[in-house]
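Let me begin by presenting the structure, written as C-alpha cells, before commenting on it.
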Amino acid sequence: MRTAYSVETVRAAERELMARLPEGALMQRAAAGLAAACADLLGRVYGSRVVLLVGSGDNGGDALHAGARLARRGAGVTAVLLAPGRAHPSGLAALLRAGGRATGPDAAEPLLRRADLVVDGIVGIGGKGGLRPDAARLAELADASRAAVVAVDLPSGVEADTAEVHGDAVRADLTVTFGTHKPALLVDPARGFAGAVHLVDIGLDLPEQADLEALQHADVAARLPRPGAASDKYRRGVVGIAAGSARYPGAAVLAVSGALRGGAGAVRYVGPAADAVIARFPETLVSGQGPAKAGRVQAWVVGPGIGEDASAVAEVLAADVPVLIDADGLRLADREAVRARTAPTLMTPHAGEAAALLGVAREAVEEARLASVRELAGLYGATVLLKGATTLVCGPVGGPVRANATGTAWLATAGSGDVLSGLAGSLLASGLSALDAGSVAAYLHGLAGRFAADGAPAGAHDVAAAVPAAWRDVTG
C-alpha cells in the first residue's frame with residue numbers, strides 16, 4: 001500500500017525524529033537520497049552541469065547539501081539563490097566548500113540554458129498559492145531548457161495537502177520525496193507536475209492511519225473474491241443491473257459486461273434493454289418486472305443509460321442491499337433517500353456529475369478533486385468514487401481517501417464508466433465493502449484500459465474484455 005500524510009503529520013514526525021538525532025542529521029539523510037537520485041538520473045556525474053534553484057527554507061537546504069555531494073563527485077554546481085541573505089547557511093557553506101558556486105536570479109537564464117540537471121528547491125511542503133514572479137520566471141526557464149528537472153520533496157507551487165495548483169508551478173521530470181508521499185504526489189492536478197516519484201526513507205515514525213492510500217497489486221489481489229469448493233452462483237453473489245433505455249440500450253449491455261467479469265456468481269438484469277443484453281450475454285438472468293420484484297440480489301447497480309426512470313432508482317434505493325449509483329441515477333436519486341439508507345451506497349460520478357450534485361462549476365471540482373470527493377461523500381452519507389485521471393474513492397465517515405492512477409487517457413471513451421459500474425457492483429455483490437469495491441474496481445478497470453488500448457484507441461467493450469487479463473496480472 002502506498003500511503004500519503006498531511007504536512008502537519010509529517011512535520012510532527014520530523015520534529016520527533018530530529019529530537020533524537022544530532023543536529024543536521026535528518027537533512028543530511030534527505031540530501032544523500034536526493035543526490036543519489038540525481039546521480040542516477042544524470043548517469044555520468046563528473047563534468048555534468050547542475051543548477052540548483054534555492055529558496056530560503058529547509059527545502060533549499062536539502063538542495064544545497066545535495067549539490068555539495070554532486071560537486072564533490074565532479075559536477076559543476078551553481079546555486080541560484082532567490083533570497084541570498086536567507087539561504088540555508090550550512091547548506092550554502094557546504095556547497096561552496098565543495099567547489100560549487102552561488103549567484104542571483106539575474107544570472108540564471110544562461111545557466112539554465114546550458115544545464116544538464118535542474119534541482120527545484122524553491123518552496124517546501126508548506127507552500128501556499130502559486131509561485132511568486134521571480135520564482136515563476138525560473139520555473140519557466142527550467143521548463144524551456146533541455147535539462148531534466150528534479151523537485152525536492154514536492155514541485156514548488158503545488159499545495160501538498162490539497163493537491164491544488166493556484167498559479168505557476170515547477171513541472172518536474174522526477175520528484176524525490178522524503179519520509180512519505182504527500183497527497184499532492186498522488187492526486188491531480190498536482191500529480192501532473194511531479195513526474196516520476198522516488199521515495200527516500202529518512203526514518204519517520206508515522207501514524208498507522210494515513211490521509212491517503214493507493215492500492216498496489218498485492219493489496220488488490222488480497223481483496224479479490226475467490227470461489228471455494230462449496231461455492232455456487234448464489235454464494236458467490238448475484239448483482240442486479242437496473243440500466244439502459246430505448247435510447248441507450250448499450251449502457252445496459254456494457255454495465256452487464258463489467259458485472260459478468262467482476263467475480264459475482266450471476267448477473268440479474270432489469271430494464272427495457274433485455275433483448276440487447278440477452279443477445280450479447282445469454283448467461284444473464286433477465287426479469288420483466290421492476291427491481292423490487294426482480295428476485296434475489298446481493299447488490300444493485302442503477303443508473304447507466306436509464307434516462308428518466310426515477311421509479312427504478314427509487315426502488316433500488318429502497319432495497320436493503322449495497323447499491324451503486326451511476327450516470328442518470330446520480331441525477332435522479334433523492335439525497336435524503338440516499339442518506340437514510342442503512343446498507344452501503346457507492347456513488348460513481350465524473351467531475352461534471354459531481355459538480356452538478358455539489359452545485360458548483362465543473363472547473364471547481366477539477367481544481368480541487370480531493371476536497372470535492374470528501375464534500376460529496378459527507379453530503380450524501382455515501383462512499384464516492386470520483387472518476388478522472390486519478391480516481392478517488394472516499395468513505396462517508398472519514399478515514400483515508402484512496403487514489404488510483406492505473407488508467408490511461410484512452411479510457412476517456414463512451415461507455416467506459418458503464419463497464420466500471422458493473423465491475424464495482426459485482427464486487428459489492430461478492431461481499432467487498434463499498435470502499436474496497438470502488439477502489440479495486442478502479443484499479444482493475446484502469447489496468448484493463450491499458451491492456452485494451454496498448455497505445456491505440458480502444459472501445460468500452462474492449463476494456464470489459466480485458467478485465468480478466470487485468471485480474472490475472474494482479475493475482476499472478
Check your understanding: Mind checking which lysines have their C-alpha under 27 Å from LYS233, skipping anything on the same chain fewer than 8 residues away?
Key -> LYS293
**Study point:** Net charge over other residues, Cβ less than 15 angstrom from the Cβ of LEU186 (K, R count +1; D, E count -1)
**Key:** -2
Point to revise | Rounded to whole Å, sorted largest first: equivalent-ellipsoid semi-axes of region 321-389, Cα gyration tensor | key: 20, 11, 11
**Study point:** Residue-normalised accessible area of the chain, expressed per residue, 1.4 Å probe, Å²
**Key:** 40 Å²
Study note, to complete from the structure: From the Cα centre of region 369-401 to that of region 177-225, the distance in Å is 17 Å
Revision key, fill the gap. The extension gain from ASP173 to MET1, computed as 0.36 nm times the residue separation minus the Cα-Cα distance, is 59.6 nm
Revision key, fill the gap. Taking only C-alpha positions in region 54-213, Rg and Dmax in angstrom work out to 15.1, 47
Point to revise | Debye-sum result for region 323-451 in log10 I(q)/I(0), which assumes one identical scatterer on each alpha carbon, at q = 0.21 Å⁻¹ | key: -1.28
Check your understanding: Which distance in Å, rounded to a whole number, links the C-alpha centroids of region 345-366 and region 1-53?
Key -> 37 Å
Point to revise | Where only alpha carbons of region 155-209 are counted, the Rg and the Dmax (Å) | key: 11.4, 34
Point to revise | Cα-derived Rg to Rh of region 1-131, Kirkwood definition | key: 0.98
Exercise for review: Select from ALA470, PRO400, GLY422 the residue farthest towards the positive end of the dipole of region 394-476; place +1 on Cβ of Lys and Arg, -1 on Cβ of Asp and Glu, and compute about the Cα centre.
Suggested key: PRO400
Revision key, fill the gap. In debye to the nearest 20, the charge dipole size for region 116-212, taken about the Cα centre with +1 at each Lys and Arg Cβ and -1 at each Asp and Glu Cβ, equals 280 debye
**Study point:** Cα-centre dipole for region 234-340 with unit charges at Cβ (Lys and Arg positive, Asp and Glu negative), debye to 20
**Key:** 380 debye
Check your understanding: How do the peptides 98-104, 357-363 rank, highest first, by the average count of neighbouring beta carbon atoms within 10 Å per residue?
Key -> 98-104, 357-363
Study note, to complete from the structure: Taking only the alpha-carbon atoms of region 270-315, the convex hull volume per residue, in cubic angstrom, is 83 Å³
Review point. Relative contact order for the chain using alpha-carbon pairs under 8 Å, separation at least 6, rounded to a whole percent?
Key: 12 percent
**Study point:** Sum of side-chain charges, GLY74 neighbourhood, beta-carbon under 14 Å (Lys, Arg +1; Asp, Glu -1)
**Key:** +4
Check your understanding: Quick one: net charge of ALA210's neighbours, Cβ under 12 Å, K/R +1, D/E -1?
Key -> 0
**Study point:** Surface share of carbon and sulfur [accessible, 1.4 angstrom probe, percent] for the chain
**Key:** 50 percent
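The values are calculated or read from the model by the stated rules, or taken from the named source; none is laboratory data. All values reported here derive from a predicted model rather than from experimental measurement. For neighbour counting, all protein chains shown are included, and Cβ atoms are generated from backbone atoms with ideal geometry for every residue, glycine included. For accessibility, only protein heavy atoms count, side chains too; no ligands or nucleic acids. Shrake-Rupley method; radii C 1.70, N 1.55, O 1.52, S 1.80 Å.
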